[in-house]
Amino acid sequence: MAHKKKECIDPQSLGLPSGGVDTHAHLVSERLWDDRDEVLQRAKACGISHIGQVFLRSESYREKKEYYLNKDHVFFIYGIHPTDLLEISSTELQEIKKDIIIDRQSTKKVRAIGEIGLDFYWKEVPADVQEDYFRRQLKMAKEVNLPVVIHSRDAFDDTVRILLDEGYDKLPLLWHCFDGDTEKAETILSHGWHISIPGSVTYKANTAFREALRCIPKDRLMLETDCPYLSPEPWRGKINEPALSVFTAKCVADELGRDVAELWVTCGQNAMRFFSL
């Protein structure tokens with residue numbers, strides 16, 4: 001029997017108000033860059049007031065930041081991803097710090113260091129190299145007085161251990177792309193950190209993930225796309241973009257028994273405070 005084709009519902013049909021924030025987007029990825037004007041227009045039409053653009057290399061930052069400098073609703077998250085560490089130069093971290101110091105004295109577009117952390121799913125980068133750069137970027141974040149956005153894949157316990165070693169208990173920290181259970185959510189929250197929910201929360205198999213939503217306080221919850229990855233249902237398998245975060249909001253609101261427009265705006269306000277927008 002043939003499977004029924006999913007209908008890709010228009011995200012504007014949810015009618016959400018302005019005030020939503022996509023806290024984590026890779027707008028400069030090849031799959032979104034050529035369509036960048038339309039991506040931003042669709043986001044605005046769907047109620048997105050701000051987008052966090054993640055830069056993961058000084059080369060990308062210096063080549064593509066100009067497009068966003070006059071777009072007040074796009075802020076920057078800037079750092080070295082753990083899976084990129086074998087491809088960077090020995091001066092990459094110094095170059096990033098230099099860029100951030102210049103930005104802090106001028107446009108103030110960079111609002112967090114990230115996404116930084118550990119990724120033990122991919123085995124190419126040795127764990128000790130990942131830990132070294134993770135610690136160095138945590139120290140840098142303190143030096144430039146910016147919050148951090150954490151990437152942690154198959155490395156939860158080690159990520160928490162390093163964060164506590166580096167004195168990050170109760171410091172401003174956003175756990176990007178959370179997909180864990182209630183126990184992991186409670187661990188993150190116990191240290192005063194925030195949690196960002198991606199589109200994968202909508203996937204049928206992620207029952208434990210959805211259950212974990214119930215323990216997250218209203219003022220520590222945010223939404224993200226991680227686009228062009230992790231498109232929410234009913235757009236799963238398609239290229240993700242900020243406009244589609246409305247479906248993540250709908251899923252989270254339904255799970256928590258909250259009004260979707262209220263949750264949308266509240267999560268947006270949490271992001272505005274966290275990133276000092």
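The values are calculated or read from the model by the stated rules, or taken from the named source; none is laboratory data. Computed from a predicted model, the values in this text were never measured in an experiment. Cβ: placed from backbone, ideal geometry, glycine included. Neighbour counts: every protein chain shown.
In the set (1) among the aliphatic types (A, V, I, L, M); (2) surrounded by 14 or more Cβ atoms within 10 Å (Cβ to Cβ); (3) without any contact (Cβ under 8 Å) to a residue 60 or more places away in the chain; (4) farther than 18 Å from VAL144 by Cα, LEU86 fails one condition alone, (2).
Against the criterion of being surrounded by fewer than 24 Cβ atoms within 10 Å (Cβ to Cβ) and more than 21 Å from GLY114 (Cβ to Cβ), GLU59 does not qualify. In the stretch 187-235, the residue that is farthest from the chain's Cα centre (by Cα) out of those that are surrounded by 18 or more Cβ atoms within 10 Å (Cβ to Cβ) and farther than 19 Å from LEU256 by Cβ is TRP235.
Of everything listed in (1) farther than 26 Å from PHE120 by Cα; (2) basic (Lys, Arg); (3) within 20 Å of the chain's Cα centre (by Cα), the single unmet condition for ARG57 is (1). The condition (being modelled with pLDDT of 95 or more, touching a strand residue (DSSP E or B) at 6+ places or on another chain (Cβ under 9 Å) and over 20 Å from ARG111 (Cβ atoms)) is satisfied by just one residue among ALA155, ALA208, ALA141: ALA155. Checking each residue in the stretch 70-90 for being in a helix (DSSP H, G or I) and of a type in the set (Val, Ile, Thr) picks out only THR83. For ARG273, the test of being in a loop (DSSP other than H, G, I, E, B) and either crowded, with 18+ Cβ neighbours inside 10 Å or among the basic types (Lys, Arg) (or both) is failed.
Among the residues of the stretch 21-69, those that are part of a loop (DSSP other than H, G, I, E, B) and in contact (Cβ under 8 Å) with a residue 40 or more places away in the chain comprise HIS26, LEU27, SER29, CYS46, GLY47, LEU56, LEU69. Annotation: of all residues in the stretch 91-111 being part of a helix (DSSP H, G or I) and among the basic types (Lys, Arg), the one that is surrounded by the most Cβ atoms within 10 Å (Cβ to Cβ) is LYS97.
Taken as a whole, the condition of being under 26 Å from ASN270 (Cα atoms) and either among the small types (Gly, Ala, Ser) or at pLDDT 95 or above (or both) does not apply to ILE96.
Scanning the stretch 249-269 for residues that are among the aromatic types (Phe, Trp, Tyr) and assigned to a helix (DSSP H, G or I) turns up at least one hit.
Determine whether GLU241 is buried (at least 24 other Cβ atoms within 10 Å of the Cβ), under 17 Å from the mean Cα position of the chain (by Cα), within 29 Å of LEU163 (Cα to Cα) and among the acidic types (Asp, Glu). Against the criterion (buried (at least 24 other Cβ atoms within 10 Å of the Cβ), under 17 Å from the mean Cα position of the chain (by Cα), within 29 Å of LEU163 (Cα to Cα) and among the acidic types (Asp, Glu)), GLU241 does not qualify. Looking only at residues in the stretch 17-56 that are polar (S, T, N, Q) and over 17 Å from THR266 (Cα atoms), the one that is surrounded by the fewest Cβ atoms within 10 Å (Cβ to Cβ) is GLN41.
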